[in-house]
1. Using θ = phi - 60° and the Karplus relation 6.51 cos²θ - 1.76 cosθ + 1.60, list the HN-Hα couplings for the stretch 107-118 in order, rounded to whole Hz, with x at every Gly or Pro.
2. Which translational diffusion coefficient, to the nearest whole µm²/s, is obtained for the stretch 78-149 from the Stokes-Einstein equation, given a Kirkwood hydrodynamic radius over C-alpha pairs, 25 °C and 0.890 mPa s?
3. What is the spin-label model distance, in nm, from residue 91 to residue 151 if the labels are put 7 Å beyond Cα along the C-beta direction?
4. Give a residue-ordered list of calculated ³J(HN,Hα) values for the stretch 139-148 (Karplus: 6.51 cos²θ - 1.76 cosθ + 1.60, θ = phi - 60°; whole Hz; x for Gly, Pro).
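Since every read-out is calculated from the coordinates, none of them should be taken as a lab result. Remember, predicted model here, so these are calculated numbers, not experimental data. Cβ placement follows ideal geometry from the backbone for every residue including glycine, while neighbour counts extend to all protein chains displayed.
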Amino acid sequence: MAEPQTQEAPLTAFSVAAGETQSIAVSADGAKIEAMVRSGFDVYVKPKPKPKPAPVAASTSEGGGGSAAPPRYSGGGSKQDWMTAAGIAQSDWGYVDYIVSRESGWNPNATNPSSGACGLVQALPCSKVPGNGYNPVDNLRWGNGYATGRYGSWAAAYDFWTRNHWW
C-alpha cells in the first residue's frame, strides 16, 4: 500500500496573518526594559508610571485649625476705599463696579463652588492672588493687572464682559 501524501494547508488570509504575528512581552512594576527582536522589529516595553496620590483638599471651615485655605475677609471698608487702595484709577471705577457687581456682588468672600474662583473679581484659581484672594484690596489689585494685561484696559474688559458675560 502506498503512503498517503501530505497535503499542504491552503494559503488563507488567516494563515498569512498567523505567520506574521509578533510576540510582545509585558512586564509589571519595576521590570527592566529590554529590547526584544521579533521579525526585524525592536519592541520596547516601558511600564506605566504609578500615579501619585491626589493631595487632600484643605478644609475651608471658619474654625481655623490649621486650614490651608486663605482666611475670609472680616474687615470693613467701601468699594471706593478698596479701589483706591488697589491703585485703580477713578476713571475706571464704573467699569470695575459693573464687572465686580456681576461677578461677586461686591462680596469679598464670594467663592464659586464649582470652579473655586474667589473674591470680588473671581480670581481663578484663588491662589493666583498675591496676599489673600479674599482680601478685597489684594483681589482688586490682582484684577487690575488682569484687566489691563489681558484686555489692555478696564474699558476693554467691560466691553468683553458685556458681550460674553464672563471675563
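1. Calculated HN-Hα couplings, in order: 9, x, 9, 5, 9, 7, x, 8, 9, x, 4, 9 Hz.
2. Answer from the Stokes-Einstein relation: 210 µm²/s.
3. 1.7
4. Result, rounded to whole Hz: 5, 5, 4, 5, x, 5, x, 5, 4, 6.
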